[in-house]
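One structure is given here, and the rest of the page talks about it.
Just so it is clear, none of the values below were taken in a lab; they were calculated from the coordinates. Small disclaimer: the values here were computed from a predicted structure and weren't measured. Don't worry about glycine lacking a Cβ; one is built from the backbone with ideal geometry, like all the others, and counts go over all protein chains shown.
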């Protein structure tokens, strides 16, 4: 009998992203990127049941503890609108991991600057054979919206 190997695009980056984010299985996790749905299903298969993809995450309400963003084969410049959008979904002090293609040092500095402009403090990073991951934490707490 032939065995079927379960493999998704980006499967190799899931473990390093989990490590960088230090997420727990009880955390609410939001995944963004071109393969977000496949990534979400793989996370759920691994026991992270409170995971949603950007396509099915509901309305922004500061409800997610962690955001994992697979931004390979895209420009750093195009990441800015996605970061702005994610801000509405992350809790105060929420964690963010962005995975990008291996780049020159100037591109990495631009990514760090972009994260800092959006209110994140870069905490750590890792280099892997399929790219680079950067972990950051949201710095300032946003005021709660008032009920109508």
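Table for the structure above
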{"read-out": "Over the range 79-127, equivalent-ellipsoid semi-axes from the Cα gyration tensor in Å", "value": "19, 12, 10"}
{"read-out": "In nm, spacing of pseudo-spin labels at residue 101 and residue 80 (7 Å Cα→C-beta vector)", "value": "2.0 nm"}
{"read-out": "The chain: calculated mean residue ellipticity at 222 nm from DSSP helix runs of at least 4, using -39500 (n - 2.57)", "value": "-8500 deg cm²/dmol"}
{"read-out": "GNM result for the chain, Cα springs below 10 Å: residue of 46, 137, 12 fluctuating most strongly", "value": "46"}
{"read-out": "Three-way shape label, the range 39-91, alpha-carbon gyration tensor, a/c 1.5", "value": "oblate"}
{"read-out": "Footprinting exposure proxy for 128, 77 (fewest neighbouring C-beta atoms within 10 Å first)", "value": "77, 128"}
{"read-out": "Residue with peak Gaussian network fluctuation, the chain [Cα springs, cutoff 10 Å], from 84, 25, 104", "value": "104"}
{"read-out": "Burial ordering of 78, 54, fewest other beta-carbon atoms within 10 Å first", "value": "78, 54"}
{"read-out": "Residue order, fewest to most surrounding Cβ atoms within 10 angstrom, among 15, 27", "value": "15, 27"}
{"read-out": "Residue with peak Gaussian network fluctuation, the chain [Cα springs, cutoff 10 Å], from 66, 97, 127", "value": "127"}
{"read-out": "Size-normalised alpha-carbon gyration radius of the chain, reference 2.2 N^0.38 Å", "value": "1.04"}
